[in-house]
Amino acid sequence: MRILLPVDGSDYTKRTLAYLAAHDELLGTAHEFIVFTAVAPIPAHATRFLERNTVDDYYREQAEQVLGPVRAFAKQQRWETREAFAHGSAAEAIATFAHAEKADLIVMGSHGHSALGSMLLGSVASGVLARCKVPVLLIR
């Protein structure tokens, strides 16, 4: 099974990874885990003053800050992983990537806001659910 793990480096990411590690009977470890992060884009008016290499390096560095600790954790768990990142809206980037990779399942953390809180604040999890046909397992 191809399992997409969207991560952002938050406590919710840590909880999700810990939950998966503690409940390996749920999914097992013999799957391909794709660790994915979405980096907030640099405003367009700023990028026109920067060289393309500088912008690309910035996105890679930002992604590595999130992916590095997850990589180390996955290695300890002996999970087979691949990593990827994109820049843009997190929910849209996750949904687009899940579709492109033909993910079988998305496992991600959720803040667990109430319905009103999600409407007012927006929610990456809600955005992914709205955009994806792939099953999503939310960990709170």
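About the Cα centre of region 2-139, how large is the charge dipole given +1 on each Lys and Arg Cβ and -1 on each Asp and Glu Cβ? Please answer in debye to the nearest 20.
160 debye
Which one of Ala84, Leu129, Leu5 has its Cα pushed farthest toward the positive end of the charge dipole of the chain, where Lys and Arg give +1 and Asp and Glu give -1 at the Cβ?
Projecting each Cα onto the dipole axis, the largest value belongs to Leu129.
Going Cα to Cα from Lys75, which lysines come in below 25 Å? Please leave out same-chain ones fewer than 8 positions away.
Answer for Lys75, where 25 Å is the Cα cut-off: Lys14, Lys102, listed by chain and number.
Taking R0 as 25 Å, what FRET efficiency do you get between Met1 and Ala84 from their Cβ-Cβ distance, rounded to the nearest 0.05?
0.90
Label Glu101 and Glu32 with points 7 Å out from Cα along Cα→Cβ: what is the distance between them in nm?
Between Glu101 and Glu32, the label points sit 1.0 nm apart.
Tell me what the chain gives for mean residue ellipticity at 222 nm when only DSSP H runs of n ≥ 4 count, each as -39,500 (n - 2.57), the sum divided by the residue total, rounded to 500 deg cm²/dmol.
Here the helix-only value at 222 nm equals -15500 deg cm²/dmol.
By how many nm would the segment from Arg131 to Ala72 lengthen if fully extended, with 0.36 nm per residue of separation less the alpha-carbon distance?
Extra length available between Arg131 and Ala72 comes to 18.2 nm.
Could you tell me which label, among (i) 7.4; (ii) 10.5; (iii) 8.9, carries the value of mean projected area of the Cα convex hull in nm² calculated for this structure?
So the structure-derived entry is (iii).
Values in this text are rule-based calculations from the coordinates and carry no lab data. The structure displayed is predicted, hence computed values, not measured ones. In this analysis, Cβ positions are derived from the backbone assuming ideal geometry, glycine residues included, and neighbour counts consider all displayed protein chains.
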